[in-house]
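In what follows, a structure is listed as structure tokens, so that the remarks can point back to it.
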Amino acid sequence: MTRQDVITLFSSLLLAGAIGYAQAQEAPSTDEEGGQPQGITETQDDESEQDASDDEAQADQDADDSEESSVTPTGPGGRVETGPAGDAPDGGEPSPPRTGPDAWMESPDSWATFNGDLRAQKYTPADQITPENVGELEPAWEYHTGDVADGSDEIPMSVWSATPLFVNDTLYLGTPFYRIIALDPGSGEEKWTFAPEAPLEALTQPNMKGRGVAYWEADEPRAGEACEKRVYVGTMDAKLYGVDADTGEPCADFGDGGMVDVNQWNTVNDKWPLSLFQPPTVYNDTLFLGWAGKDWEDAVAPPGTVFALDARTGERKWTFHALPEEVVERTGTANVWASMSLDPESGLLYIPISSPSPNYYGGERTEELPLATSVTALDTETGEVVWSRQLVHHDIWDYDTVAPPTLVDIEKDGETVPALVQPSKQGFLFVLNRETGEPVYPIEEREVPASDAEGEQAAPTQPFVDVPEPVIPDEWPGISKLADIVGLGECSRKAEGLRYEGRFTPPSVEGTLAYPPTTGGSQWGGGAVDPESGVFVINSNSVVQIYRLIPRDEYEQREQSGETGGYYAQGDTAYGFQLETFLNWAGMPCWKPPYGTLAAYDLTTGERLWNEPFGQVQKHGFYMPESWGSVTIGAPVITRSGLIFIGASMDSRVRAIDLESGEVLWKHLVDAPAVSMPAVYTYQGKQYVTFAVGGNSILLPKVSDQVIAFALPD
Amino acid sequence: MTSKARGTAYGAWLLLAISAISLILAAVATFNEGNGIAHTPGTYLVLTSTALLLVGSLLLALWHGLPRWLGGLLTFLLLLDLLGTGLAAYLLQTEWLLGAVGVGLVAWLIHVIADPATGTRNQHKTQRQGAAS
């Protein structure tokens with residue numbers, strides 16, 4: 001055995017351990033939010049995403065709540081309820097609509113939203129830190145929230161993916177325990193904290209999750225009045241809190257004394273609330289809310305809804321329904337659990353819609369559901385569908401659209417194209433005209449394999465994209481020789497018994513080799529873009545899992561015998577489901593590395609500029625070779641000076657990377673994997689790069705409550 | 001004056017010193033919070049392996065009455081320990097420990113090549129030679 005083989009073995013064990021650990025969590029899969037059963041990453045968020053409202057039930061409730069509400073079909077299968085449906089909170093008249101971007105959000109010094117701005121570009125014009133001096137970067141301050149759990153006691157393990165916000169001369173944090181913390185951005189000193197009364201229980205997810213807070217301020221503030229600037233945070237039990245951004249005191253005119261119970265609009269499924277992990281998207285005086293749920297288990301789950309609320313009163317302006325009313329007794333979700341993007345000039349809201357429930361068997365939902373697993377543009381004023389493009393037909397792979405599309409104007413063929421880039425779990429980058437939804441680069445419908453499962457009707461074709469080149473290869477990486485040797489041929493034997501006919505091979509009774517699986521491809525972080533050069537950067541995962549349908553009788557027998565790990569009921573359908581990461585007996589991945597990369601694309605040509613293994617696998621303290629990369633959760637940020645800042649990797653390091661070459665220029669150890677995207681801001685003339693270091697059990701059983709800011713020395 | 005006749009086992013003593021240093025470095029890696037590897041199985045592994053290295057090199061340096069076969073076995077096991085610890089240190093990215101192990105390998109080579117032979121057979125031979133002279 002060569003030295004490289006030994007290193008390979010250790011690496012494999014590390015990654016395998018991480019994967020195995022993630023599986024052992026039984027958390028659902030990969031999407032972070034969701035929480036689906038996952039094998040590795042990402043977290044599932046799949047789960048999450050359950051959508052919420054059932055049209056029918058909602059319509060009933062709306063009727064009860066308000067005679068003024070109305071339900072209007074819109075677009076390909078969607079519906080919108082307008083009017084003050086639901087429990088109209090007390091507190092004043094709804095704000096009149098405004099148009100155009102908010103000035104506070106457009107400041108070049110701020111990081112005012114989850115993605116930096118509404119366009120989800122994750123870009124800052126800050127250029128004080130450059131490729132030449134980034135090596136001098138050092139910690140400026142550090143803060144610990146105290147809100148962290150490793151799962152060893154009554155509180156479930158925390159997963160903290162919150163991007164800090166810098167606005168109003170304050171750094172705002174939202175914790176996985178739903179607290180809001182305001183810090184001095186230059187020193188990290190605490191200004192105030194707010195703690196809602198929320199149960200720290202795993203209601204819809206296996207972990208305590210948080211992606212932070214949202215900020216809003218009045219366009220024409222009332223002098224001397226409180227709450228003209230606000231911070232919002234959501235909870236797993238579907239409460240949305242609004243507090244004064246200067247004091248942390250609840251805003252009395254927002255909902256019921258500062259809180260809106262979003263679960264009041266969940267009329268379909270009383271088992272799980274419409275969990276609010278992703279902070280709302282704020283545009284002028286409106287909050288746009290998606291939610292997370294639990295879609296990997298049951299067929300009937302809350303159907304996907306997006307709510308528009310008045311930022312001042314919490315009153316509901318409209319509700320968008322992604323699923324037709326006639327199917328919600330058989331399926332649900334197709335919700336929006338990831339962040340959204342918005343074009344402040346046109347007022348179009350772009351929502352990444354997840355797959356319908358249950359995730360892996362669609363025999364009870366064989367009709368077309370055109371808004372499921374799509375990117376959809378809504379009119380922010382009305383909630384009506386402007387255009388929608390389905391990215392997976394009849395999704396039976398849990399290929400939720402999990403990341404916000406990145407909005408950017410592309411110079412192509414001598415013309416400026418208003419475009420968006422939609423990453424996907426399938427590994428495709430869909431580049432569309434954001435005004436029409438038409439492809440900028442070709443999308444081709446290709447025939448895909450048929451399902452052999454009883455009652456299942458897999459779509460005969462699926463959309464494929466060749467340009468830009470997918471973030472992961474077309475074919476699965478193949479058997480790792482070392483893992484096969486260590487497993488005494490186990491990997492090869494397993495693979496021979498699995499069905500694999502390329503992307504979109506349907507789940508099967510004999511077992512399907514799924515590549516990419518529910519972990520993606522790309523995950524919820526999405527990509528970043530330099531709007532000046534049109535260079536788009538995105539991190540990705542290369543993971544192989546096994547999808548296996550289990551006939552209902554056999555599934556129930558297994559269930560009665562106590563087999564639970566990796567099993568998902570799929571409701572009252574013909575099959576249960578087992579999700580397994582493709583490992584040998586020793587826990588080593590059966591597929592070849594790298595396990596994760598970071599890639600850059602020139603959007604003006606569609607050409608991939610570079611694609612480098614990113615991060616390092618770490619397990620039991622051991623680091624694997626950099627050429628193996630790491631499974632990643634998180635997202636990059638780009639600066640005008642040509643730097644990429646990103647955490648995301650298993651090895652608990654944050655890095656600065658040369659945008660031009662992909663070379664790592666600086667890295668720093670932090671307390672756990674930094675699975676949030678960093679916030680880059682300028683305060684009192686000094687540029688800071690701040691990471692919330694939360695960890696994620698999908699990567700490593702290591703959690704933290706660390707917030708750390710880096711800056712150049714004075 | 002047997003010990004004088006045997007000469008000083010510089011390699012063994014150097015290895016002993018390096019083992020002690022390695023144990024300290026491993027302990028720092030294991031218990032120093034915030035280094036990215038503290039309290040991981042990997043650090044406990046190197047803590048154990050460096051402790052064994054210390055015990056082994058102590059035996060090598062101080063126990064002159066070792067049977068020859070046992071001395072050879074001990075020397076071989078110390079080599080395995082050094083190599084294993086070195087690999088672990090490399091994978092843990094603990095540069096100082098890796099460097100110490102590297103010096104330890106040099107010490108081991110010095111011991112094998114230059115140290116006066118150890119083991120009871122050689123000791124008897126030395127005693128006979130001493131008597132003859």
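Values for this structure:
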{"item": "Karplus-derived 3J(HN,Hα), 6.51/-1.76/1.60, for each residue of the range A:465-475, Hz, glycine and proline x", "result": "10, 9, 10, x, 4, x, 6, 10, x, 5, 9"}
{"item": "Where trypsin sites (Lys or Arg not before Pro) fall in DSSP loop in the range A:206-275, at most 16 other Cβ within 10 Å", "result": "A:Arg222, A:Lys271"}
{"item": "Qualifying GluC sites (Glu not before Pro) in the range A:571-670, DSSP loop, other Cβ atoms within 10 Å at most 16", "result": "A:Glu660, A:Glu663"}
{"item": "Two-site FRET efficiency, B:Glu33 against A:Glu326, from Cβ-Cβ distance with R₀ of 56 Å, rounded to 0.05", "result": "0.45"}
{"item": "Shielding by other protein chains, A:215-227, mean Cβ within 10 Å", "result": "0"}
{"item": "Nonlocal amide H pairs with A:Lys317, under 5 Å, H built at 1.01 Å", "result": "A:Ala308, A:Leu309, A:Asp310"}
{"item": "Value at 222 nm in deg cm²/dmol, rounded to 500, when DSSP H runs of n ≥ 4 in chain A each add -39,500 (n - 2.57)", "result": "-2500 deg cm²/dmol"}
{"item": "About the Cα centre, charge dipole magnitude for the protein assembly as shown (Lys/Arg +1, Asp/Glu -1 at Cβ), debye", "result": "6520 debye"}
{"item": "Angstrom value of the Kirkwood radius, inverse mean 1/r, which spans all Cα pairs in chain A", "result": "24.6 Å"}
{"item": "Chain A - accessible surface per residue (Å², probe 1.4 Å)", "result": "31 Å²"}
{"item": "Amide proton proximity set for A:Gln616, modelled H, under 5 Å, gap of 5+", "result": "A:Met650, A:Asp651"}
{"item": "Efficiency of FRET between A:Asp714 and A:Glu663 - r from beta-carbon atoms, R0 35 angstrom, step 0.05", "result": "0.80"}
{"item": "Within chain A, percent of DSSP bridges classed antiparallel, to nearest 5", "result": "95 percent"}
{"item": "Computed FRET value (nearest 0.05) for A:Asp169 with B:Trp69, which takes r as the C-beta separation and R₀ as 51 Å", "result": "0.10"}
{"item": "Helix runs (DSSP H) in chain A reaching 27 Å along axis by Cα, Kyte-Doolittle at least -0.5", "result": "A:3-25"}
{"item": "Residue-by-residue Karplus 3J(HN,Hα) for the range A:309-323, coefficients 6.51, -1.76, 1.60, Hz, glycine and proline x", "result": "10, 5, 5, 8, 9, x, 5, 7, 8, 7, 10, 9, 10, 7, 10"}
{"item": "Percentage relative contact order, chain A, counting C-alpha pairs under 8 Å, at least six apart", "result": "17 percent"}
{"item": "Coil-residue GluC sites (Glu not before Pro) of the range A:181-283, DSSP, other Cβ within 10 Å capped at 15", "result": "A:Glu189, A:Glu197, A:Glu201, A:Glu225"}
{"item": "Distance violations [Cα-Cα > 23 Å] among A:Lys209/A:Lys239; A:Lys229/A:Lys294; A:Lys494/A:Lys702; A:Lys122/A:Lys239; A:Lys271/A:Lys317; A:Lys667/A:Lys702", "result": "A:Lys229/A:Lys294; A:Lys494/A:Lys702; A:Lys122/A:Lys239; A:Lys271/A:Lys317"}
{"item": "Directionally averaged projected area (convex hull, Cα atoms, the range A:127-254), nm²", "result": "10.2 nm²"}
{"item": "Karplus (6.51, -1.76, 1.60) ³J(HN,Hα), θ = phi - 60°, over the range A:210-225, in Hz, Gly and Pro reported as x", "result": "x, 10, x, 10, 10, 10, 8, 9, 5, 5, 10, x, 7, 4, x, 8"}
{"item": "Global form of the range A:357-484, assessed from the alpha-carbon gyration tensor, a/c cut-off 1.5", "result": "oblate"}
{"item": "Accessible area buried between chains A and B, both sides summed, probe 1.4 Å, in Å² to nearest 100", "result": "1100 Å²"}
{"item": "Estimated inter-spin distance, B:Trp96 and A:Thr605, nm [label 7 Å along Cα→Cβ]", "result": "4.9 nm"}
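The values are calculated or read from the model by the stated rules, or taken from the named source; none is laboratory data. Since we're looking at a predicted model, the values are computed, not measured. Cβ sites come from the backbone with ideal geometry, for glycine too, and all protein chains shown count toward neighbours. Areas reflect the complete protein model, heavy atoms only, side chains present, ligands, DNA and RNA absent. Shrake-Rupley method; radii C 1.70, N 1.55, O 1.52, S 1.80 Å.
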